[in-house]
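Participant: Below is the structure I would like to discuss, written out as structure tokens.
No value in this document is a laboratory result; all are computed from the given coordinates. Note that this is a predicted model, so its numbers are computed, not measured. Don't worry about glycine lacking a Cβ; one is built from the backbone with ideal geometry, like all the others, and counts go over all protein chains shown.
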């Protein structure tokens, strides 16, 4: 990236100034570069000279002047200025900027890709909602965050695996099975009560009716417990099929679906219990088995085997992460959890220490709630069923692209409002429509040029000197930096902001610069601008692809 090249250039200039005696000797820290707040301040700025002032015992401006004096020439550098109180501002050379259109065209779909990860093996586990009910909009935010982050990490050079953890064991599944038995029996006219802590949603009634239609009273003629377990298996398969279908509608696909049951069936739970006992991390009290998390930095000790003899939720977490790190050898694991899991972070780090693993290898992203709104009013209940609003309902109302764009548009730790009316609006106020319309407009320009028999084959990009052309190129060159920013900070929401900025830059260019001109005198400029338009199409499409949003050719 040009940003990295420029940072190295400044670092070399500081060291050269030291060798020449213009700066005293000191250890040179990393050189930060930032985008100035105002365009007329240049493309990049560094505040490093202000950081060096205590080390050099000189005024920041004097340090900056010494650095600029020893700055080597570079083809990408245009104007370099020192600005008070000690910034160095850099403007990219116009001639270099225009040549980057050719670079983008040559890179094509790979433009924006980096090698930050250097093949590091990372797993992103996301959604993993209990298969005891349909996915909600909250699960949709989890899916969008996880899927887009996986896209970004892959583009940044990581070897990424996407995983869904199926919670198909434990108390919640037992309650699901018992509830389904009750609803199935009720569908066949039996007076069977729903368990006290069972699932009350209308979807369970529908599921019971569906199984009754498919299998008749077969399960009423079986041993009750056997029937509950058999119905649970059928219900689990149907719920997972619905979850898969909803996620596929959003364009979310997984490399692996991991069963919680396998942790017990394949002996991983027994393995981790042995490791924890041998490490002195287990205590037995109150008839239960506890993990001594507090000794390892956790907020409190955690039950891993209940007094009933059943493993607790945290037991599965430990065995699952042992499987991820030790058995499957992931270098880095990222779990995306809802806000109700915020308090679980310390115990997860304690678990890593107990297993002899570096806690930094596990990253937990906690996302906040989503509030649905329509006409300014909060939407709380489903129109169809009168209870929970499912992800499927929202997808069918506003479409997968709008769902993905809107749910990605804020940082994970920010609560968000999802305006259903705005998501359907065909106007510049709707960000997904605005961005997709830009891509469709680009496609229409290229089609029109083709119809007119005009190509960009011999276009000379050096002719792209209009301020709006250069501004568009500058925006296009930001994509690799956005990928790096999103990957390093695990913050794919930056893509949504960038897509809107890029679309805005294209609309301004389109307003100011006629692309296909019928005037023979403009033939060469037309060809050059067609190259720019094609490059913009590539960058915008690549950005949308990272977000999991489609890039339409027509709208």
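Participant: Please name all residue pairs, on different chains or six or more residues apart, with Cβ atoms under 6 Å, provided the first residue is in the stretch 26-48 and is closer than 16 Å to residue 485 by Cβ and the second residue is part of a loop (DSSP other than H, G, I, E, B).
Facilitator: Going by the 6 Å Cβ cut-off, the qualifying pairs are 44/33.
Participant: What is the one condition in (1) over 23 Å from residue 485 (Cβ atoms); (2) touching a strand residue (DSSP E or B) at 6+ places or on another chain (Cβ under 8 Å); (3) surrounded by fewer than 16 Cβ atoms within 10 Å (Cβ to Cβ) that residue 120 does not satisfy?
Facilitator: Here residue 120 meets the rest and fails (1).
Participant: Identify all residues within the stretch 76-98 that are in a loop (DSSP other than H, G, I, E, B), without any contact (Cβ under 8 Å) to a residue 40 or more places away in the chain and touching a helix residue (DSSP H, G or I) at 6+ places or on another chain (Cβ under 8 Å); write none if there are none.
Facilitator: Once the filter is applied, which keeps residues that are in a loop (DSSP other than H, G, I, E, B), without any contact (Cβ under 8 Å) to a residue 40 or more places away in the chain and touching a helix residue (DSSP H, G or I) at 6+ places or on another chain (Cβ under 8 Å), the stretch 76-98 yields 84, 85, 86.
Participant: Applying the selection to the stretch 476-490, what residues are buried (at least 18 other Cβ atoms within 10 Å of the Cβ) and touching a residue at least 60 places away in the same chain (Cβ under 8 Å)?
Facilitator: Hits for the stretch 476-490 are 476, 477, 479, 480, 481, 482, 483, 484, 486, 487.
Participant: Looking at the structure I just gave you, is residue 142 in contact with a strand residue (DSSP E or B) (Cβ under 9 Å, 6 or more places away or on another chain), part of a helix (DSSP H, G or I), touching a residue at least 60 places away in the same chain (Cβ under 8 Å) and over 30 Å from residue 533 (Cα atoms)?
Facilitator: Taking the combined requirement at face value, the residue satisfies it.
Participant: Next question. Which residues, counting only those in the stretch 147-165, are out of contact with any helix residue (DSSP H, G or I) (no Cβ under 7 Å at 6 or more places or on another chain) and at negative phi?
Facilitator: 147, 149, 150, 154, 158, 159, 161, 163, 164
Participant: Another question about this same structure. Would you kindly identify the helices (runs of 4 or more DSSP H) lying entirely within the stretch 300-415 that contain at least 1 residues that are loosely packed, with under 15 Cβ neighbours inside 10 Å and over 21 Å from the mean Cα position of the chain (by Cα)?
Facilitator: 391-398
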